Structures are given as structure tokens and as C-alpha cells.
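Single-structure report; data block below.
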Amino acid sequence: MSSSLTKKFFLLEGKTKKIFSTENPNKIILHYKDELSALNGLKKEFLQKKGILNNEISSFLFKKMNYYGINTHFIRKINNREQLCHKVNMIPLEFVIRNIITGSMSKRLGIKKGTIPSNTIFEIFYKNDALMDPFINIHHAVFICDVSYEELNIIHQITLNINNFLKKLFLDKNIILVDFKIEFGKNKKNKILLSDEISPDTCRLWDKKTNKKLDKDVFRNNSHKNILDIYMEVLKRLNVPNNN
Ligand code: TMP
């Protein structure tokens with residue numbers, strides 16, 4: 001019975017979240033911290049309530065995706081900072097979709113920021129802080145990680161599906177989904193589940209009319225000062241009730 005599960009042991013801590021075990025070995029509790037981190041952790045800031053906003057936004061999006069038929073680790077939001085999730089073995093890869101070129105792809109390939117590609121760009125990065133999360137291809141991924149060519153193909157299809165779903169969801173709120181990063185894990189039956197989070201920390205979101213940035217780029221490029229207001233604006237536009 002998932003409704004009575006509580007935090008048992010601390011398992012691990014990332015830059016923005018902590019993970020706890022529960023009484024059920026197949027379920028974990030994800031706790032959102034008030035940390036804002038960018039540039040591979042080189043830029044860090046404590047920002048009260050930021051974890052609450054990301055938990056609200058990510059819970060809302062994962063619940064919608066579960067309902068839409070995308071397999072995710074998300075079970076339910078427990079409280080303003082915590083989610084109950086299926087336990088997975090994380091694949092140490094970051095998958096990025098780009099609908100508009102900016103960020104690292106613009107720099108790496110010398111493409112003008114704001115260019116709209118004729119195809120949907122799908123990229124893979126190896127999650128490794130010491131190596132600064134390098135850009136890799138599918139052959140590197142199969143060699144480095146516990147993932148097959150077939151699984152990467154499935155992940156590509158799921159990622160395109162997520163992009164179509166999220167693009168429309170955000171556009172209905174006058175927000176353009178410029179790009180985003182997602183991560184996957186495998187449950188004990190080796191089923192691939194969308195995991196981690198989707199929030200303004202992990203997406204580029206631009207206002208449809210003004211191109212105003214509604215995401216972590218504001219912190220990457222400038223300061224943290226109005227980040228909470230921006231994340232709150234995303235929450236409000238998604239019509240998520242914020243009870244905190
Ligand atoms: P990039 O242009 O810096 O490669 O970022 C592409 C997208 O991935 C953007 O929406 C931000 C997101 N992202 C993360 O969520 N975590 C990361 O560590 C990086 C590098 C990017």
C-alpha cells in the first residue's frame with residue numbers, strides 16, 4: 001500500500017534532490033532541495049522554496065505524462081517537497097531535445113541562436129561531473145553504459161513522444177518549449193521509465209509573444225534574484241494550484 005509509505009533510509013544526494021528508501025524495496029521517495037545549480041555545479045545558490053516550486057511543476061508534468069501513457073517513475077506527490085516514485089537503476093545519460101537551437105549546440109556547431117532546425121535534434125550527454133558531462137554518440141553510450149542499441153532506439157522514440165506532448169502542453173500556456181533534458185532508468189523488470197524531473201531547471205521555456213526566458217538560463221546568465229518569480233509564473237501558467 002503506497003499510501004502509508006514513509007522515508008526509511010537516506011540513499012543518495014544529487015545537486016538538487018535527495019533520495020530515500022521506503023518500506024517497499026521497489027519504491028523510493030524523492031525530496032526536492034532548495035538548491036539552484038548551474039555550469040556543472042560551479043555556480044550554486046540556496047533559494048528558499050525553489051524545491052517546492054520544482055516539485056509542484058515536475059509532479060504536475062509527470063502526472064499528465066502518466067495519464068497520457070508515457071511510462072514514468074512517478075507514482076504521486078506526497079507533500080510539497082516529496083514524491084513517491086518507482087525505484088529504477090538510472091542510466092547515466094542525459095538526453096536532450098532541441099526544437100530551437102541555442103545553448104551548447106549553438107556554441108559547439110557555430111549555429112546562430114534562435115535557428116529552427118528542419119528536424120528535431122536529439123543529443124546524448126554522458127553524466128560525469130569530472131568529465132563535465134561530455135557530448136557523446138550512441139556507440140559511446142552502448143560501450144560506457146548498461147544500455148543497448150535497441151534500448152537507445154526506444155528511448156529516442158519515447159523522447160520524441162514526450163517532446164510532442166510537452167510542446168503542445170506548454171504552447172497552450174503561451175510558452176515555447178525550446179529544448180529540454182531528460183533522464184531514464186530501468187526498473188527491476190528492465191522496463192525503461194522516464195525518471196528524474198522536468199522543470200524550468202531542465203528545460204528552456206520562452207514566452208511565446210516576448211521570448212522572455214522562463215527558466216534557469218536567467219540564473220546561468222545573470223543572477224538568481226528573480227528566479228523564484230519566474231518559476232512561480234510557469235507554475236501559474238500551468239494552472240497548478242500552489243498551496244505553499
Ligand atoms: P545545453 O544547451 O546547455 O546543452 O542544454 C540543453 C538543455 O538541457 C537545456 O534545456 C538545459 C538542459 N540541461 C540540464 O537540464 N542539465 C544539464 O546539466 C545541462 C548541461 C543542460
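Quick notes on this one:
- Hey, GLU151 modelled with pLDDT of 95 or more, closer than 27 Å to LYS27 by Cβ, open to solvent by less than 80 Å² (accessible area, probe 1.4 Å) and away from the ligand (no atom under 16 Å from the Cβ) or not: yes
- Here ASN79 meets the list (1) in contact (Cβ under 8 Å) with a residue 24 or more places away in the chain; (2) within 20 Å of ILE198 (Cβ to Cβ) almost entirely, failing just condition (1).
- Which numbered condition MET132 fails, given (1) without any contact (Cβ under 8 Å) to a residue 40 or more places away in the chain; (2) surrounded by 11 or more Cβ atoms within 10 Å (Cβ to Cβ): (1)
So that you can scan it fast, the table gives a plain yes or no per residue for (1) of a type in the set (Ser, Thr, Tyr); (2) closer than 21 Å to ILE230 by Cβ:
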residue: THR22; (1), (2): yes, no
residue: SER37; (1), (2): yes, yes
residue: LEU53; (1), (2): no, yes
residue: GLU56; (1), (2): no, yes
residue: ARG81; (1), (2): no, yes
residue: MET90; (1), (2): no, no
residue: ASN99; (1), (2): no, yes
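- Check on ILE116, surrounded by 16 or more Cβ atoms within 10 Å (Cβ to Cβ), outside any helix (DSSP H, G or I), at pLDDT 95 or above and of a type outside the set (Ser, Thr, Tyr): no
The values are calculated or read from the model by the stated rules, or taken from the named source; none is laboratory data. Note that this is a predicted model, so its numbers are computed, not measured. Quick reminder, even Gly has a Cβ in these numbers, built from the backbone with ideal geometry, and neighbours come from all protein chains shown. For the accessible areas, the whole protein counts, side chains as well, though only heavy atoms, and no ligand, DNA or RNA atoms are used. Shrake-Rupley method; radii C 1.70, N 1.55, O 1.52, S 1.80 Å.
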